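The structure is given below, and queries will be raised subsequently.
The values are calculated or read from the model by the stated rules, or taken from the named source; none is laboratory data. Note that the structure is predicted; figures quoted are calculated from it, not measured. Using ideal geometry, Cβ is built from the backbone for each residue, glycine included, and neighbour counts are taken over all protein chains shown.
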Amino acid sequence: MLKSKTFVKKTRSGGVMKIVREHYLRDDIWCGSEVCVECKDETPVLQKDACIESNLCTFPHYLIPDTNVVIQQIDILEDPLIRNVIILQTVLQEVRHRSAPIYKRIKDAIHDKEKHFYTFTNEHHRETFIEREQGESANDRNDRAIRVAAKWYSEHLSKAPDAGDLKVVLLTNDRDNKEKAEKSGLIVYKCEEYVKSLIANPELVDRLALTSDEQNEITGSRVVFPEHLPLSKIQAGIKSGTFLQGTFHANRDNYLEAKVYVHGEGDESTEVLVQGLLNLNRAVHQDVVAVELLPRENWVAPSSVVLIDDAQNDEDAEEEEAEKKVRKALDSKPAQGSTLKPTGRVVGIIKRNWRPFCGMLLQSHIKESTRHLFTPADRRIPRIRIETRQASTLEGQRIMVAIDGWPKNSRYPNGHFVKSLGSAGDKETETEVLLLEHDVPHLPFSQAVLSFLPKMPWSITEEDLKVRADLRHLTVCSVDPPGCTDIDDALHCRELENGNLEVGVHIADVSHFIRPGNALDQEAASRGTTVYLCGKRIDMVPELLSSNLCSLRSNVERLAFSCIWEMNQNAEIISTRFTKSVINSKASLTYAEAQMRIDDTSMNDDITKSLRGLNKLAKILKGRRIEKGALTLSSPEVRFHIDSETHDPIDLQTKELMETNSMVEEFMLLANISVAQKIYEEFSECALLRKHPAPPPSNYDILIKAASSKGLVIYIDSAKALADSLNDAQVEGFPYFNTLLRILATRCMMQAVYFCSGMDSDFQHYGLASPIYTHFTSPIRRYSDIIVHRLLAVAINADSTYPDLMDKHKQAALCNNLNYRHKMAQYAQRASVALHTQLFFKNRGILNEEGFILFVRKNAIIVLIPKFGLEGTVFFENKDKPSPRLSFDEEGPTLTVEDHPFHMFDKVKVTISLDSSNIQHQKIRMALSEPVIPGVSVSMPETEPEAKKPKLDR
Amino acid sequence: MAGVELLSDQGYRLDGRKASELRKVQARMGVFAQADGSAYIEQGNTKALAVVYGPHEVRGSRSRTMHDRAVINCQYSMATFSTAERKRRPHGDRKSSEMSLHLKQTFEAAVLTQLYPRSQIDIYVKILQSDGGNYSACVNAATLALVDAGIPMRDYVCACTAGFVEDTPLADLCHAEESGGGTTLALALLPRSRHIALVQMDARLHQDHLDMLMEAAAEACRGLSKVLDGVVRQHLQEVSVLTRD
Ligand SMILES: [Zn+2]
């Protein structure tokens, strides 16, 4: 019951408020050590035999890091070598207050059983609690609390009978703190000293973050940035309107330019342009910064120059070079009054958003130097100066580096090496890089997650059959792309006695296996989606579920969630029924196989009849949907034929669509819409839905211009009008024109997003022309569908609810994560296609291909090669030789090179090759070969050896 | 990271208590000589004073008279200096009237009113310092005051709050925990019979969590009843020592 404790009042004054809080001190907080007999701790965390081999500490010891050591050297603490660490509550609270990401990382380390990290609640321990003394700053008080706790530990442990030489070692980088600790008889080291003394892993030294006083020593450069304002001044400035707060977006193509997106009231946001190294003032992409607007006469226009920071490593020369560039960039601005943008300078950083960056090391020219520049893969991130002894081994490797700080007299931020990912250009390494850069969680599933998987051998029980509809007798089959192992959906169709048709969509019952709130569920929720890369799949749920128990494979009994309609021959829904079920799929078909069955009039088995019925209904449904204004857009999609041994791409093909593709799609759409209606009807506040907002009319400008260049008119008043005018947009003798137009239309669209019905009022799905929509049909690879399954299961009384499911705020937060993961998955996918395209072209020399101009720019044209679905830029400006005469007409838009005008949709021929001059940023280079413009176009070697010719013609 | 961490991974709350631990309770009975009964209680930093008059003849309007039992009249108020922010609190604002009503309902369920037909019992409670759980402190103080006045009751009425953080119910919330955004439930219990005199919850709570929360609050009330019982026995002992001579 109530343990009577001495209690001390703590007063916290802020403003005029005086807050009195109780603070209980306890005597039942254990030290957590195995050697201790005094404490009654049942599961001590700290090992008796705490050995980290070190020159300095030859005895077994526990480490006690102070707050700054945890924040700055978290990479060190995370190393498997470092174990038996005592994290004091004081430290943990300070870390929590100062850095959320590091707080999460240290907590993960504490939860890791292998690490033996112990949290000691010293602030509530009777013997280690201290009160702040008169005149003592909060920081000093915390430092003292850390020393007191360390002292308590060393005395407490010495009382244990078989402690032996066991001691505690305090780690701090603060000189003052260190002195005081030494005075009180503690063993104390600077983090750096200690790490350098470790015998087992000398490489750990590279991961030491540079602390601020060291940073000042190593920079001798001439760039001096303006001081950042303290947070209090920034806040006052934002309040008074002198400063604006926004997110910093570095320009990918010009390292001396950035935009700050100012978060305005509501949806409104404005952009502030920032130019020049000093104005950028050490802000890094994605930081939240405060900017001050410059007077109107100093406003500039965004530069169209491409500037890449590729200076040499030699510090001095580099600075000069950089300065020259700054000047040049700023001078070369055209003074066009109309295009001037609000321009400002960064005055302070509100929140850094640094993460570990992937990239490559640029070795110093000085051989013995341990200081090197690191070039991140993401061009929006500045280069980072790191210290390492392994430079020669790291050459040509992709590595990860974390930023530690950016002193004001340093041209580059300082950082430290985190880990190596493998050699650059290597497919595995590059894939790892693109996963990391797109924040795709791809580590193997943890033991905790796997422990929630069903035990094998698994089979359907009597219990399951009792509560589910037994649909095993139905002729259900699945239709998927070839090689698909995670089969989400299966279909059936049969004629009823009354002449109507019964159509069923059966979806894998993933929510039966993934129960709310457990580790498996949390992991799936965090991953959000399965990510499909070329030749690689990063699962959202462990393989046992994705490819086996949930996958609706043929001739095995599987649990499903079924949506069954009764329809008349005209595809009008007469009734809808949802039920959990047991099915036994009769066949897993590919789109092509299904198509063959439908077309082959000699086949008349149940499966084929079912498919024909489905196909017939699908056509009616699709017709009706298009009638309502659903858009059929297209984007060039490519697939790679991957060599089964080397996993290198050997051939690529554009995806072709068959009738059966759209047959399956049509029923999935119908099921999604039916489910969306049902869950919204039942849970108007917390239904998880998906919407696709109509784009603002200005998005269509480019499309309208493009069409009018061919004498066509595109109407954009409604989805229906757009769809109709796209259908009518045909140019005689140019069949591919319509596809090009649809590709352009796709670029005008908005992103479709998940949202919680209680938090939004606009549900419209523009692209599908449906007033309501959700995702129900792919729970194996999308977490949204799992939530929708759970909601639907509650709605039909097939499962119980749980609190978070009914909490609209939690659900909105989940939607945010899902939207983020989907977007990132999409980017990663594109990056993977680009990587494989490069690998494909690597060994193929130079190709000459036909393409169409998709966009016309000031100094370039963007060409689409339909054969490869490949898009590339043909530049007309050269670095090393004089550029041709260029004139750009915005109205056309037309670019005239010498005397040849280029319009959108013109047919051209280009040569394609791989440019590996920059190993980190290999890219596809395109050059014009037809039309022939002297001095601009390149000639294609006609006589190419036959053997080298790729076998692309199928 | 926004807000404060109400429950640490090690299972300690902001003030160092574990999830089911109560705050320190100190109480005295018979603090005012002129009243029929009085008591002062401290539950952590929440301090309340209760005074009981009666049973006596019904004052004021006669129409309120019940011919089969006593009328209980409760008045709740908060001292101007009771919170961090100093506020003038007019008498009979909505919050205090509501609280008065809740107290009335609570004690109508506990006091054996049928023993005193046509009479009235007045209970006045004042919060001197507020740090969460005002209602429970008032109920507990009033119980002691009623005992002091010698008014027969079915049992002690013990009240306590419980709240929810992540998936753990916390007993006896302090102000910081109450304003932490979670759901707070206040329960007044007759511990021996386990009858509920009053239960109150303002925010939404998922049904699955209700039982757990109720159990936590009930457990806390039973804990409190032991403390209150101890206070009463102690008081009796002191009084009997004084009256012996
Ligand atoms: Zn101990």
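Taking segment A:99-112 only, how many residues are more than 10 Å from chain B (Cβ to nearest Cβ) and either farther than 21 Å from A:Ala150 by Cα or in contact with a Pro (Cβ under 9 Å, 6 or more places away or on another chain) (or both)?
Residues flagged as more than 10 Å from chain B (Cβ to nearest Cβ) and either farther than 21 Å from A:Ala150 by Cα or in contact with a Pro (Cβ under 9 Å, 6 or more places away or on another chain) (or both) within segment A:99-112 amount to 4.
Please enumerate the residues belonging to segment A:765-823 that are in a strand (DSSP E or B) and modelled with pLDDT of 90 or more.
Passing the criteria: only A:Arg782.
Before we move on, is B:Asp167 among the acidic types (Asp, Glu) and closer than 25 Å to B:Gly230 by Cβ?
no
Could you pull out every one of the strands (runs of 3 or more DSSP E) wholly within segment B:111-182 that has 3 or more residues that are within 14 Å of chain A (Cβ to nearest Cβ)?
B:158-165, B:168-171
Restricting attention to segment A:421-436, and to residues there that are part of a loop (DSSP other than H, G, I, E, B) and among the small types (Gly, Ala, Ser), which single residue is surrounded by the fewest Cβ atoms within 10 Å (Cβ to Cβ)?
A:Gly425
Among the residues that make up segment A:36-58, is at least one of them of a type in the set (A, V, I, L, M), more than 14 Å from chain B (Cβ to nearest Cβ) and more than 27 Å from A:Leu204 (Cα to Cα)?
Yes, segment A:36-58 contains at least one residue that is of a type in the set (A, V, I, L, M), more than 14 Å from chain B (Cβ to nearest Cβ) and more than 27 Å from A:Leu204 (Cα to Cα).
Here are some conditions: (1) more than 16 Å from the ligand (Cβ to nearest atom); (2) assigned to a strand (DSSP E or B). A:Phe129 meets all but one. Which one does it not meet?
Exception for A:Phe129: condition (2).
Still on this structure, I have one more. Among B:Ala48, B:Ala27, which is the only one that is more than 14 Å from chain A (Cβ to nearest Cβ) and under 22 Å from B:Met78 (Cβ atoms)?
Matching residue, one of B:Ala48, B:Ala27: B:Ala48.
Exactly one condition in (1) in a loop (DSSP other than H, G, I, E, B); (2) surrounded by 15 or more Cβ atoms within 10 Å (Cβ to Cβ) is false for A:Phe737; which is it?
Unmet condition: (1).
Quick one: A:Glu78 ticks every box in (1) more than 14 Å from every other protein chain (Cβ to nearest Cβ); (2) in contact with a helix residue (DSSP H, G or I) (Cβ under 8 Å, 6 or more places away or on another chain); (3) surrounded by 21 or more Cβ atoms within 10 Å (Cβ to Cβ) bar one, so which box is it?
Going through (1) more than 14 Å from every other protein chain (Cβ to nearest Cβ); (2) in contact with a helix residue (DSSP H, G or I) (Cβ under 8 Å, 6 or more places away or on another chain); (3) surrounded by 21 or more Cβ atoms within 10 Å (Cβ to Cβ) one by one, A:Glu78 breaks only (3).
Could you list, in sequence order, all residues of segment A:820-856 that are crowded, with 20+ Cβ neighbours inside 10 Å and of a type in the set (Ser, Thr, Tyr)?
Result: A:Ser832, A:Thr837.
Sticking with this structure for a sec: Any chance you could count how many residues in segment A:388-403 are touching a helix residue (DSSP H, G or I) at 6+ places or on another chain (Cβ under 7 Å) and at pLDDT 80 or above?
2
For every residue, the table says whether it meets (1) among the acidic types (Asp, Glu); (2) part of a loop (DSSP other than H, G, I, E, B).
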| position | (1), (2) |
| --- | --- |
| A:Glu502 | yes, no |
| A:Arg515 | no, yes |
| A:Tyr532 | no, no |
| A:Val541 | no, yes |
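Now a separate question. Test A:Asp804 against the criterion of being surrounded by fewer than 22 Cβ atoms within 10 Å (Cβ to Cβ), more than 15 Å from A:Asn672 (Cα to Cα) and away from chain B (no Cβ under 14 Å), and give yes or no.
No.
Of all residues being crowded, with 19+ Cβ neighbours inside 10 Å and not in a strand (DSSP E or B) in segment A:181-191, which is nearest to the ligand (Cβ to nearest atom)? Just the residue, please.
A:Leu186
Another one. For segment A:157-180, name all the residues that are closer than 22 Å to A:Ile82 by Cβ and within 16 Å of the ligand (Cβ to nearest atom).
A:Leu157, A:Ala163, A:Gly164, A:Leu166, A:Lys167, A:Val168
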